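See below for the structure under consideration.
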Amino acid sequence: MTTDLGELRENLLLADPGVLVAVLAQLAGDPSVVARFEARITHVPDPPERAGRTDPDTAEELADAVIEALTAQRRTGAMAADDPELFTRLLPVALGSDVDAEHVPLLLEQGGFAPSQPTLSREVPIPDTVNVAIIGAGIAGINAALAAAEEGISYEIFDRNDEVGGTWLTTTYPGIGVDTPSAYYSLSREVNPDWSNYYPQGAEYQAYLVALADKHGLRGHTRFGTEVDALWWDEDHDRWQIHSVGPDGERDVSHARVVITAAGYLNRPRWPDVPGRDDFGGTSVHSALWDPALDLTGKRVAIIGAGCTAVQIVDACVEQVEHLTVFQRQPHWVAPRKRLTDEVPEHRRYLGRRLPYYANWHRLKSYWGTADNNYPIILQDPEWAKTHLSINPTNDILLQMCLEYIDHTFGAGTELAKKVTPDFAPYGKRIIRDPGGYYAALTRTHVDVEASEPAQVNVNGIVTADGRQIDLDIIIYATGYHLDFLSTVDIRGRDGRRLADVWGDSPSAYRGGTVPGFPNLFITSAPNYSPGHGAGANFSMEVLSHYIIECLQLMALRGASTIEVTEEAFEEYVAAIDEAMSRTVWCHTPNAHTYYRSGSGRVVVSTPFRLVDLWHQHRAPVEEDFVLK
């Protein structure tokens with residue numbers, strides 16, 4: 001790519017100097033540039049990150065040094081991006097805080113500076129007889145496919161849709177967007193330098209996934225329009241039967257030595273049990289089944305729900321509707337948007353495209369600002385919690401910030417402020433980030449907030465809990481999904497045992513999403529693997545994909561055709577999860593209605609562990625925890 005040096009310099013002068021120092025050191029392979037510049041760089045909060053700042057003279061000097069190093073690098077091709085010792089030295093100046101040694105290998109990988117490193121010996125290759133069926137072509141399935149391809153493992157993806165993308169393909173309600181920072185919510189092996197928005201709309205994220213499929217030729221390995229409805233273990237041949245229905249309606253049975261399920265646990269839209277729901281004479285639509293032809297302009301609209309989906313829809317449509325009524329069963333804590341705009345500055349996109357590793361450092365800053373730095377916020381301090389709504393002093397800082405946002409928007413003590421104020425600690429339910437206009441929308445004269453669920457639906461609209469009739473044209477059900485940990489697929493393991501029966505209403509899994517009695521089955525969207533305190537689901541997907549490949553390598557080293565976790569290891573791991581979970585906010589906010597809990601009351605979605613601990617746990621399988629045959 002040809003770069004105009006004058007234009008490059010103009011953009012470098014606008015860049016984060018801490019990131020530029022890191023890039024300069026990597027381009028030159030010279031750690032001494034850190035000592036040259038770090039004392040002249042300060043860091044300030046730039047949520048969710050910390051941003052470097054410096055004086056104009058230093059910015060000029062740094063820009064010139066980067067241009068010189070970049071010019072030299074293009075001549076010699078020398079760089080030191082994946083040198084762990086240099087990388088460790090660069091972390092504080094780039095990220096704006098000290099970093100413990102336990103995080104360094106994880107950060108090297110999460111920044112996209114080095115691929116996930118093999119742990120077990122590759123002396124014996126994974127045999128050609130091992131093939132993998134991947135169920136789902138969303139981000140989890142794409143990541144699993146890339147991990148398999150990298151090891152030369154034969155794989156096939158099954159997806160019920162006609163394109164890759166999963167939920168980002170099928171969910172198209174107004175305002176749908178990513179609520180994890182875009183720089184991070186991607187694959188570490190495929191850093192995107194050109195996000196237009198810090199929290200992009202769904203269509204932009206879907207385009208990223210489509211681009212990955214194009215780049216890596218995934219469609220040639222994918223059966224589109226094919227729904228897998230059963231997975232049965234074939235004991236005689238040590239393989240899985242994959243029962244599916246194709247686009248022509250014909251049933252098919254194929255086989256794979258290994259199955260990786262990459263389907264999320266939120267797939268089936270949940271309609272509320274409201275009397276008379278089918279009697280409404282207007283238009284009813286669930287947010288997960290949005291009709292793109294639906295026009296809200298000038299309509300009397302009700303939205304049922306107050307979670308992230310409802311927030312995004314209200315923010316997007318408030319200007320269009322004639323009147324909007326928001327029915328809220330329970331308010332969420334809503335954090336204010338910290339930036340004036342979510343648009344990514346053009347200089348950051350420019351440098352991401354043209355300056356090696358600039359986008360990688362911004363991905364890493366985004367991860368570091370949203371991951372384990374947030375972990376203390378979910379841990380209960382019993383003495384503090386006795387006298388506070390929050391569960392510890394760190395949690396209280398967030399609570400006070402959200403309360404200040406409520407008071408600033410609605411007025412302290414007003415009826416509307418009371419309606420939107422939760423009665424549980426932050427993170428008891430998933431925290432919501434205001435996309436920019438949600439709270440403001442609730443103050444509009446044509447918007448009403450009902451702090452209750454509808455009592456009844458009739459032909460004309462909704463009857464409120466206190467008996468008022470609200471006439472409507474459109475009812476939007478932003479009421480979420482059934483919690484489905486593979487419950488819609490008939491999965492039968494050894495001796496015909498059904499996974500649904502084994503799990504009941506309390507699904508659980510060992511490392512890698514493995515369950516005793518179900519050999520060679522790995523579940524990427526496994527119980528207790530979703531980061532609840534920060535980062536994103538893409539983190540756990542990458543961690544588990546690495547671990548699955550290492551399990552297959554262990555099978556190769558031992559000449560085994562099956563790998564199955566022992567009952568003892570499974571029970572010990574689940575007990576460790578529950579013990580760690582008992583200290584978190586999710587076990588101390590019983591009044592918070594959250595999909596994190598199953599019907600049994602057990603928290604089954606979020607992980608109670610630090611992400612760095614989860615990462616280290618999954619570097620390699622513990623051989624004695626498995627039966628290898």
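Before moving on, here are some points about what is shown:
- Hydrodynamic radius by Kirkwood, which averages 1/r over all alpha carbon pairs of region 5-99, in angstrom: 13.4 Å
- Computed FRET value (nearest 0.05) for TRP271 with TRP232, which takes r as the C-beta separation and R₀ as 25 Å: 0.20
- Over the chain, Cα pairs under 8 Å with separation of 6+ residues give a relative contact order of 17 percent.
- In order through region 445-453: 3J(HN,Hα) via Karplus (6.51 cos²θ - 1.76 cosθ + 1.60), integer Hz, x for Gly, Pro: 5, 9, 10, 10, 10, 9, 7, 6, 7
- Each of LYS365, LYS419 was scored by other Cβ atoms within 10 Å of its Cβ. Arranged with the fewest first, they read LYS419, LYS365.
- Between region 121-142 and region 375-396, the alpha-carbon center distance in angstrom: 43 Å
- Amide H partners (placed H, <5 Å) of THR584, local residues excluded: GLN380
- From the coordinates shown, P(r) over Cα pairs in 20 Å bins from 0, in percent corresponds to which of (i) 22, 59, 19, 0; (ii) 16, 41, 30, 11, 3, 0; (iii) 18, 50, 30, 2: (iii)
- Sites ASP291 and ASP98, calculated FRET efficiency, Cβ-Cβ separation with R0 35 Å, nearest 0.05: 0.10
- Each residue of region 237-250 is assigned a 3J(HN,Hα), and the resulting list reads 10, 6, 7, 9, 8, 10, 8, 9, 10, x, x, 8, x, 7 Hz, derived from the Karplus form 6.51 cos²θ - 1.76 cosθ + 1.60 (θ = phi - 60°), x at Gly and Pro.
- Order of HIS286, HIS533 - criterion: other Cβ atoms within 10 Å of each residue's Cβ, fewest first: HIS286, HIS533
- For the chain, the 222 nm mean residue ellipticity estimated from helices alone, with every DSSP H stretch of n ≥ 4 adding -39500 (n - 2.57) and the total spread over all residues, rounds to -10000 deg cm²/dmol.
- Among GLU568, GLU38, the ranking by other beta carbons within 10 Å of each residue's beta carbon, starting with the fewest, stands as GLU568, GLU38.
- Qualifying GluC sites (Glu not before Pro) for region 201-282 [loop in DSSP, other Cβ within 10 Å: at most 15]: GLU235, GLU250
- Counting 0.36 nm for each residue step from ARG498 to SER121 and taking away their Cα separation leaves a gain of 132.2 nm.
- Dividing the Cα radius of gyration of region 535-629 by 2.2 N^0.38 Å, with N the residue count, gives 1.27.
- For region 591-629, backbone nitrogen atoms closer than 15 Å to the point 7 Å from ASP505 Cα along Cα-to-C-beta are found at 594-604.
- Our summary gives region 125-232 a relative contact order of 33 percent, counting only alpha carbon pairs under 8 angstrom and 6 or more residues apart.
- Under 5 Å, built H, 5+ apart or other chain: amide partners of GLY177: GLY202
- Long-range HN-HN contacts of PHE626 with modeled amide H, under 5 Å: THR566
- J(HN,Hα) series, region 207-221, from Karplus relation 6.51 cos²θ - 1.76 cosθ + 1.60, nearest Hz, glycine and proline x: 4, 4, 5, 4, 4, 5, 4, 5, 4, 9, x, 6, 4, x, 10
No lab work stands behind these numbers, since they all come straight from the coordinates. Note that this is a predicted model, so its numbers are computed, not measured. Every residue, glycine as well, gets a Cβ built from its backbone with ideal geometry; the counts of neighbours run over all protein chains shown.
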